[in-house]
1. State the number of residues belonging to the stretch 88-128 that are under 31 Å from the mean Cα position of the chain (by Cα) and either surrounded by 21 or more Cβ atoms within 10 Å (Cβ to Cβ) or part of a helix (DSSP H, G or I) (or both).
2. Among the residues of the stretch 196-228, write down those that are free of Cβ contacts under 8 Å to residues at least 24 places away in the same chain and either touching a Leu at 6+ places or on another chain (Cβ under 6 Å) or not aliphatic (A, V, I, L, M) (or both).
3. Within the stretch 495-513, does at least one residue satisfy the condition of being at pLDDT 95 or above, of a type in the set (Val, Ile, Thr) and outside any helix (DSSP H, G or I)?
4. Collect the residues in the stretch 299-318 that are hydroxyl-bearing (Ser, Thr, Tyr) and open to solvent by 20 Å² or more (accessible area, probe 1.4 Å), keeping them in residue-number order.
5. Here are the criteria: (1) without any contact (Cβ under 8 Å) to a residue 60 or more places away in the chain; (2) open to solvent by less than 40 Å² (accessible area, probe 1.4 Å); (3) assigned to a helix (DSSP H, G or I). Tell me which single one Lys679 does not satisfy.
6. For the list (1) farther than 26 Å from Ser499 by Cβ; (2) in contact with a Ser or Thr (Cβ under 6 Å, 6 or more places away or on another chain); (3) surrounded by 21 or more Cβ atoms within 10 Å (Cβ to Cβ), I need the number of the one condition that Tyr751 fails.
7. Run Glu126 past the list (1) among the acidic types (Asp, Glu); (2) touching a residue at least 24 places away in the same chain (Cβ under 8 Å); (3) under 25 Å from Ala211 (Cβ atoms) and report the number of the one that doesn't hold.
8. Could you say whether any residue in the stretch 591-608 is among the basic types (Lys, Arg), assigned to a helix (DSSP H, G or I) and open to solvent by 40 Å² or more (accessible area, probe 1.4 Å)?
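The values are calculated or read from the model by the stated rules, or taken from the named source; none is laboratory data. Only a predicted model underlies this, so the values are computations on that prediction, with no experimental measurement involved. Using ideal geometry, Cβ is built from the backbone for each residue, glycine included, and neighbour counts are taken over all protein chains shown. Accessible surface areas use protein heavy atoms only, side chains included; no ligands, DNA or RNA. Shrake-Rupley method; radii C 1.70, N 1.55, O 1.52, S 1.80 Å.
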Amino acid sequence: MGWGIRLVAVGMLGLPAGVGFGQTATPATTPTVKPKPAASKTVKTPAKPAAGTAAKSKVVAKGHGAAAVVVAKPTAESKRLTLAFTASAQLRPMAQQLIATRSAAAYNGVLGYAAGHPGEAAAAAELSLGHAYALDHKYGEAENAFQKAGQHGQALADYADYLGAQAAVQGGHPSAAYGLLDHFAERHPGSLFVPTAPVLLANAYLAAGDAGSAIRVLLPLQSAPAGGHTDFRYALAKAYQASGNAQGAAALYRGIYVGDPMSTEAEGARKQLSALNVPLTVAERKEHADAMFNAKHYEIAQQEYRALQKDESGLTTADRDALEIYAAVCDLRLKKLSRGDVERLPVTGDDSAALKMYLQSELDRNEGKSDQHDLMVEQMLAQFPHSRWLEEALYSGGNMYLLKRDQPHAIEEYSELVQHFPHSIYAPNAHWHAAWLSYRLRRYPDAAKLMDEQIMNYPAGTEIPGALYWRGRLYEDVEHNLGQAGNYYKALNAAYVNSYYALLGRERLSVLGSHQAAVEAAPALAAVRPVNDPGLTDTLPENDPHLIKARLLANAALNEYIRPEIQLSATSGQWGALAEAEIYQSFGEDTRALQAMKHSGLPFFSLPVSEVPSVYWQLEFPRPYWTQIESDAQGQQLDPYLVASLIRQESEFSPSVVSKANAYGLMQLLPSTGKGLAKKIGDKHFSTAELLSPTTNLQLGTIDLRLSIDRYGGQVEYALAAYNAGDGPVRTWIAMNDYKDVPEWVESIPYTETREYVQSIMRNREMYKAVYGGK
């Protein structure tokens, strides 16, 4: 068959920059004491008044070029929704508890509420019960609850109908779904479920054995946007299959399995093709295996490559040899590959030979045999100069030398990568490493050239703030061109105003003061583009039906639908993130409110504080437990905003979170650390569970942070790096003792996670001060 490898090389897998096969510690895979916490749990803080209960009427636009959010007059629909929201306000804590725990007591509480309240309040309670029953796979009870919800009220009738139909299908009563879904769009215009209701109706018909009706529902929508969705195509395929149209079904199943391999329907499509006795071609199976590899499902990919090897249909020896090497690369990712395994791999002449060389180079790297690694890379350069595996080997080699602190060799590997693969996803990071390491070696002309190239060639890269700052420093410190230095700092401040490096840039501008002579901006600065202001408003359109409906959904604890419902509003881009966050905050979910802001996609760190309504900043930089944070921080002579910034980074203010590394609570303390600190303050009865108490965690955590800062002579950046990566690596980095200043030390941290961790906390401390004015 003679296929070339269709795997995306490791660097193309969506992995963070720095990850290479077999690496144990690279700039992107930081060995950290406390990895990112597990999913946050509910914050047990007192509930606040429900958001948005008071109607507003003003029209406000914030930011340059923003279109005004028109607050329309109340409509019959908005009035009905508002009454339902008000009527069910007391349900919210019970409903949220039910969804969180689904305990017998929680069920009884909501059942009692439903029995004791009329109309829309009862409807919301029944929706909450139905949702909980469905999560517990009690579909009959769920179907009954959703039916009652539809009988009691109309504000969330579309949810009652759709979710009730879903429960009916899942519970084996598909005919009960027909009336709920037929003409759904006409009965519930504008509903979130309009695009998916036909698919659910078709599945109900299929579950009842009525393929003809399923086809009748789906075919008219095949050319509509919904027709391209995987669930739509899968339902249509099942309908074709049930009606005897095996050819039509097979075409759809094949398209799903090969074209949407990561969809939930892909495995079902494979099984149905097998049931239809329609074999996938070898090329299609190979493409699917490649997709599994690229998605990091290495066990599955390996099994599929091995199965393909055994296929009898038309594979050449070269094909089988290539598949054996592809399976070996899965073993490498699974840390199951030995040198003997590589040596036994077949000798090939296509790109799989480059892959075999790559495997050998990675084993050399892992064993510390850098000379042999380099020799293998040289052979790849000579024989396979365009192979993606050469690209992978060069990046891995650069990372290896970076960690070895062999800067000249690292520059060489990174530069080779950029030269041979200028459009690689690794290229921006590799180019920056070459620029920065040139600076560290005091090869200033090389560094200046490379930094300007970085700005011009990779203007969208995350490395640009650093490139602007350090190029400015070169102009200031080496070339003594203070005017041009100022130009770079100003460009940095304009495009990345709230970044770590913009803060440093403003400090340099302050130092330069009147010594800057006006000079024409360097050509590289033309590539720097300030972000467009999204025109955020702090005035919510109180009569917008989707906004009111989202709040009502929160009362019923249908939390997963809050954001999609808000996004249905045409103007939600200007206020949707605020609305979602305020909904969560209004029932004490500060962590989820913060996460809503973080996941909003809004460019907060490129917008001046003064040009974004203050409420956004307060949600982005919240202050739960502030009284105690302030008290404990001051007791340890710490900046309380530093403590808040660390908590924001570590736990997002969730006091109940426990990380995979077994770190607990707000400040993510290890039990051993907590026990030692408790002993220091005379607590002889300490238990690990106490670390989930905000009071205990903050008391011990601030002591721990103070001790860490003191160990490093008061240098906060060193202490933060140790908090993330541990004392050992930090002591090693400090011992090099060839840094001009602390920012240079921070940029030189070889672990990407730790470097960004330090920069983020230092930046966020200043953001807290800017938002709250030092209060």
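1. 12
2. Keep residues of the stretch 196-228 that are free of Cβ contacts under 8 Å to residues at least 24 places away in the same chain, which gives 210, 213, 216-224, 227-228.
Within the stretch 196-228, Asp210, Ser213, Arg216, Val217, Leu218, Pro220, Gln222, Ser223, Gly227, Gly228 qualify.
3. yes
4. Just the residues of the stretch 299-318 that are hydroxyl-bearing (Ser, Thr, Tyr), to begin with: 305, 313, 316-317.
Residues satisfying the conditions are Ser313, Thr316, Thr317.
5. Here Lys679 meets the rest and fails (2).
6. (1)
7. (3)
8. Step one: list which residues in the stretch 591-608 are among the basic types (Lys, Arg), which gives 592, 598.
The next check asks that each one be assigned to a helix (DSSP H, G or I); those that pass are 592, 598.
Narrowing further to those that are open to solvent by 40 Å² or more (accessible area, probe 1.4 Å): 592, 598.
Taking every residue of the stretch 591-608 in turn, at least one turns out to be among the basic types (Lys, Arg), assigned to a helix (DSSP H, G or I) and open to solvent by 40 Å² or more (accessible area, probe 1.4 Å).
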